[in-house]
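The values are calculated or read from the model by the stated rules, or taken from the named source; none is laboratory data. All values derive from a computational prediction rather than experimental measurement. Please note: Cβ atoms are built from the backbone with ideal geometry, for glycine as well, and neighbour counts cover all protein chains shown.
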Ligand code: CDP
């Protein structure tokens with residue numbers, strides 16, 4: 001790893017995305033949303049009319065697909081076979097199937113290698129489920145953002161999105177390949193009673209103690 005990686009992991013709808021995007025903006029780092037990468041591959045699987053649980057078909061599809069990682073407005077963006085799935089990434093269909101697709105080792109291998117390429121390019125704030133535990137276990141900057149199941153379900157419903165967060169968490173935590181877990185050495189923040197700015201301030205305070213300071 002050539003650049004600093006700030007790993008932000010946690011369960012569904014814990015606020016990771018808003019917090020990570022804002023921390024990246026304040027630090028002048030790249031924001032990498034790895035969940036969007038798993039969602040984009042899931043979109044491709046559904047678009048190709050494959051069964052998301054059929055590991056060999058999914059592996060073959062990926063072997064024949066072009067996955068392009070780019071950067072737009074300081075954030076990662078991702079195209080599959082030349083298409084940007086856009087709002088379809090958060091559709092109910094993709095959300096319902098993503099944990100199945102993300103449990104497949106061939107998918108994880110391919111996406112983790114792309115995530116490591118991002119970190120070769122510039123300092124980043126990378127959010128996901130396994131960033132501190134499996135993608136960058138060596139980074140000294142690891143955060144795990146949690147919130148109660150009730151708060152997380154309410155946050156998702158407030159966004160007008162259909163999502164059974166507890167079911168997704170159960171699948172993400174129980175899969176064999178790099179399950180959702182609190183990474184060793186991570187600072188755990190329970191955001192149940194905190195807003196985005198409060199979580200951002202907390203993380204920036206802890207990073208400042210290690211010499212990482214905002215530019216904005
Ligand atoms: O909805 P939320 O923002 O919480 O989830 P997401 O970050 O968009 O991730 C969607 C799904 O991708 C998760 O439920 C996991 O199944 C998978 N994922 C993963 O397996 N590993 C990651 N590093 C990121 C996401």
Find all pairs meeting these conditions: Cβ atoms under 7 angstrom apart; at least six residues apart or on different chains; first residue within the stretch 24-40 and closer than 13 Å to residue 212 by Cα; second residue in a helix (DSSP H, G or I).
26/204
Number of the exception - residue 173 against (1) in a loop (DSSP other than H, G, I, E, B); (2) modelled with pLDDT of 95 or more; (3) loosely packed, with under 15 Cβ neighbours inside 10 Å:
(1)
Quick check: is even one residue across the stretch 183-203 surrounded by 15 or more Cβ atoms within 10 Å (Cβ to Cβ) and closer than 24 Å to residue 100 by Cβ?
yes
Select, from 191, 178, the only residue that is more than 11 Å from the ligand (Cβ to nearest atom), in contact with a helix residue (DSSP H, G or I) (Cβ under 6 Å, 6 or more places away or on another chain) and in contact (Cβ under 8 Å) with a residue 12 or more places away in the chain.
191
Pairs please, first residue from the stretch 89-107 and closer than 9 Å to residue 42 by Cα, second anywhere and assigned to a loop (DSSP other than H, G, I, E, B) and near the ligand (Cβ under 8 Å from one of its atoms), Cβ atoms under 6 Å, 6+ apart in sequence or on different chains.
95/163
Does any residue of the stretch 114-131 turn out to be more than 10 Å from the ligand (Cβ to nearest atom), touching a residue at least 12 places away in the same chain (Cβ under 8 Å) and under 19 Å from residue 188 (Cα atoms)?
yes
